[in-house]
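J.: Pasting in a structure now, in structure tokens, and then I'll have a few things to ask.
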Amino acid sequence: MRPELLTVIYGCMFAEKTKRLIEHHRPDGTTVAFKPDIDADRYQSGAMLASKDPKFPRVPAILVPVDNVSVIWQEVARMDEVTRVLIDEANFFPTKEFIELIELLTSRSIEVVVAGLTHFASKEPWGPLPELLKIPGVQVKHVFAECDGKGRKCPKPAIWSYQKFPHDKVLVDGESAYGATCDEHYSVLHQGERYDE
């Protein structure tokens, strides 16, 4: 892997990770964007990278089945001019296969910018980003949300996602199911037990 070609944007929910990812888009045909197909309905985004901010530009994206990350390489391999790949919500992809994909892309001198969560709302590590962050030389952008504590008047940055009601599986949802909190208010706000992928 060439870690100098990899940028990882991570943070809790509502930290504007996708917005930061979109800022890496070049409209000259040298950038291609991907996102997991299970995230297509959130914010009515479909095959687009879309921030929760409706005024922010959207970027066309190719939908990828979460169990077939090789689709990304197949698409890139047939695009001669692509030198930058953007991948949103990378936490949904399997860790081993995703890291192998990053190794393949960067070994071909393709710059990769990845955005996503590093933890479930239960605070347990989730997906490939925790492993990517361990690689020396990777460019890292840790972004933060506003904490929901004290009626959204907490001055501390939110570093965790939390569940607003108990559920036993990951819901692909927004503010109706999840919020953002600092470490201090997590135990007060989080509702729910551990859940599996």
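The values are calculated or read from the model by the stated rules, or taken from the named source; none is laboratory data. Given the structure is predicted, the values throughout are model-derived calculations rather than measurements. Here Cβ is always computed from backbone atoms with ideal geometry, including for glycine, and neighbour counts include all displayed protein chains.
J.: How many residues does segment 20-47 hold that are at pLDDT 95 or above and farther than 16 Å from residue 92 by Cβ?
T.: 8
J.: Select, from 118, 95, the only residue that is of a type outside the set (Lys, Arg), free of Cβ contacts under 8 Å to residues at least 60 places away in the same chain, buried (at least 17 other Cβ atoms within 10 Å of the Cβ) and more than 24 Å from residue 60 (Cα to Cα). Walk me through how you get there before you give the answer.
T.: On the way: 118 fails: free of Cβ contacts under 8 Å to residues at least 60 places away in the same chain.
The conditions single out 95.
J.: Kindly indicate whether any position in segment 184-197 is within 30 Å of residue 32 (Cβ to Cβ) and part of a loop (DSSP other than H, G, I, E, B). Break it down into steps so the answer makes sense when it comes.
T.: Within segment 184-197, the first condition is being within 30 Å of residue 32 (Cβ to Cβ), and the residues that meet it are 197.
Cutting the leftovers down to part of a loop (DSSP other than H, G, I, E, B) gives us 197.
Looking through segment 184-197, at least one residue is within 30 Å of residue 32 (Cβ to Cβ) and part of a loop (DSSP other than H, G, I, E, B).
J.: Name the single residue, out of those in segment 135-148 being out of contact with any Cys (no Cβ under 9 Å at 6 or more places or on another chain) and farther than 15 Å from residue 115 by Cα, that is surrounded by the fewest Cβ atoms within 10 Å (Cβ to Cβ).
T.: Across segment 135-148, the extreme among qualifying residues is 136.
J.: Being of a type in the set (A, V, I, L, M), under 26 Å from residue 38 (Cβ atoms) and not in a strand (DSSP E or B): is that true of residue 172 here? Break it down stepwise before answering.
T.: On the way: of a type in the set (A, V, I, L, M): yes; under 26 Å from residue 38 (Cβ atoms): yes; not in a strand (DSSP E or B): yes.
The answer is yes for residue 172.
J.: Can you tell me which residues in segment 24-82 are in contact with an Asp or Glu (Cβ under 9 Å, 6 or more places away or on another chain), among the acidic types (Asp, Glu), loosely packed, with under 14 Cβ neighbours inside 10 Å and touching a residue at least 40 places away in the same chain (Cβ under 8 Å)?
T.: Listed by number, the list holds a single entry, 81.
J.: In this structure, is residue 170 exposed (fewer than 15 other Cβ atoms within 10 Å of the Cβ), of a type in the set (A, V, I, L, M, F, W, C) and out of contact with any helix residue (DSSP H, G or I) (no Cβ under 6 Å at 6 or more places or on another chain)?
T.: Numbers: exposed (fewer than 15 other Cβ atoms within 10 Å of the Cβ): no; of a type in the set (A, V, I, L, M, F, W, C): yes; out of contact with any helix residue (DSSP H, G or I) (no Cβ under 6 Å at 6 or more places or on another chain): yes.
So residue 170 does not fit the description; no.
J.: Among all residue pairs at least 6 apart or on different chains, which show Cβ distances below 7 Å where the first residue, located in segment 148-161, is free of Cβ contacts under 8 Å to residues at least 60 places away in the same chain and part of a helix (DSSP H, G or I) and the second is crowded, with 19+ Cβ neighbours inside 10 Å and among the polar types (S, T, N, Q)?
T.: Qualifying pairs under 7 Å: 149/181.
J.: Working only within segment 121-134, note down all residues that are surrounded by 23 or more Cβ atoms within 10 Å (Cβ to Cβ), in contact (Cβ under 8 Å) with a residue 40 or more places away in the chain and not in a helix (DSSP H, G or I).
T.: Correct list: 121 only.
J.: How many residues are hydroxyl-bearing (Ser, Thr, Tyr) and part of a loop (DSSP other than H, G, I, E, B) when one looks only at segment 51-108? Give the steps one after another, and end with the answer.
T.: Our first condition is that a residue be hydroxyl-bearing (Ser, Thr, Tyr); within segment 51-108, this holds for 51, 70, 83, 95, 106-107.
When the remaining residues are screened for being part of a loop (DSSP other than H, G, I, E, B), the result is 51, 83.
The total comes to 2.
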